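Q: Got a structure for you, questions after.
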Amino acid sequence: MTTMTTIFVGWLIQPGTLLRGELAITIASRALLVTEEIKQRYSTGNILIVSHKATIRIILCSLLGIDVGRFRYRLGCPVGSVSIIEFGSHGPLLKALADRTHLDQRLRSLPGS
């Protein structure tokens, strides 16, 4: 079994700026196409994907079978956090959600969660 781990890093963005009136399901469709392309191109090893908080939460919801329309209410994604998904033979497995232990305490305590 080969596995690929994808690490999602969230950054602060105003929701209206990111979504531009786009539905979460539309963002999910587009983002999952890119995610699948990355999985096909790099089937092993670690991959870092950096995006906006909303997009990361939408991708995570999609991969985990959570209604993407509820992304704001089901997954937290503080600024600068890291989430890890491992793709294996049984599908995506959430290994870490919104981890910020790599940041010093001063940065972790700033608003933006």
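The values are calculated or read from the model by the stated rules, or taken from the named source; none is laboratory data. As the structure is a computational prediction, the values presented were derived from the model and not from experiment. A quick note on method: Cβ atoms are made from the backbone with ideal geometry, for glycine too, and the neighbour counts reach across all protein chains shown.
Q: Looking at this structure, is residue 61 touching a strand residue (DSSP E or B) at 6+ places or on another chain (Cβ under 6 Å) and either on the phi < 0 side of the Ramachandran plot or among the basic types (Lys, Arg) (or both)? So that I can check it myself, show each step before the final result.
A: On the way: touching a strand residue (DSSP E or B) at 6+ places or on another chain (Cβ under 6 Å): no; either on the phi < 0 side of the Ramachandran plot or among the basic types (Lys, Arg) (or both): yes.
The answer is no for residue 61.
Q: Quick one: is residue 69 modelled with pLDDT under 95 and surrounded by 14 or more Cβ atoms within 10 Å (Cβ to Cβ)? Don't jump to the end; show me each part of the working.
A: Working: modelled with pLDDT under 95: yes; surrounded by 14 or more Cβ atoms within 10 Å (Cβ to Cβ): yes.
Spelling it out, residue 69 is indeed modelled with pLDDT under 95 and surrounded by 14 or more Cβ atoms within 10 Å (Cβ to Cβ).
Q: Looking only at segment 32-62, which residues are surrounded by fewer than 19 Cβ atoms within 10 Å (Cβ to Cβ), in a helix (DSSP H, G or I) and either hydrophobic (A, V, I, L, M, F, W, C) or without any contact (Cβ under 8 Å) to a residue 12 or more places away in the chain (or both)?
A: Answer for segment 32-62, where residues must be surrounded by fewer than 19 Cβ atoms within 10 Å (Cβ to Cβ), in a helix (DSSP H, G or I) and either hydrophobic (A, V, I, L, M, F, W, C) or without any contact (Cβ under 8 Å) to a residue 12 or more places away in the chain (or both): 32, 33, 34, 36, 37, 38, 40, 41.
Q: A further question follows. Would you call residue 80 touching a Lys or Arg at 6+ places or on another chain (Cβ under 9 Å) and part of a loop (DSSP other than H, G, I, E, B)? Please lay out each step first, then the result.
A: On the way: touching a Lys or Arg at 6+ places or on another chain (Cβ under 9 Å): yes; part of a loop (DSSP other than H, G, I, E, B): yes.
Answer is yes for this residue.
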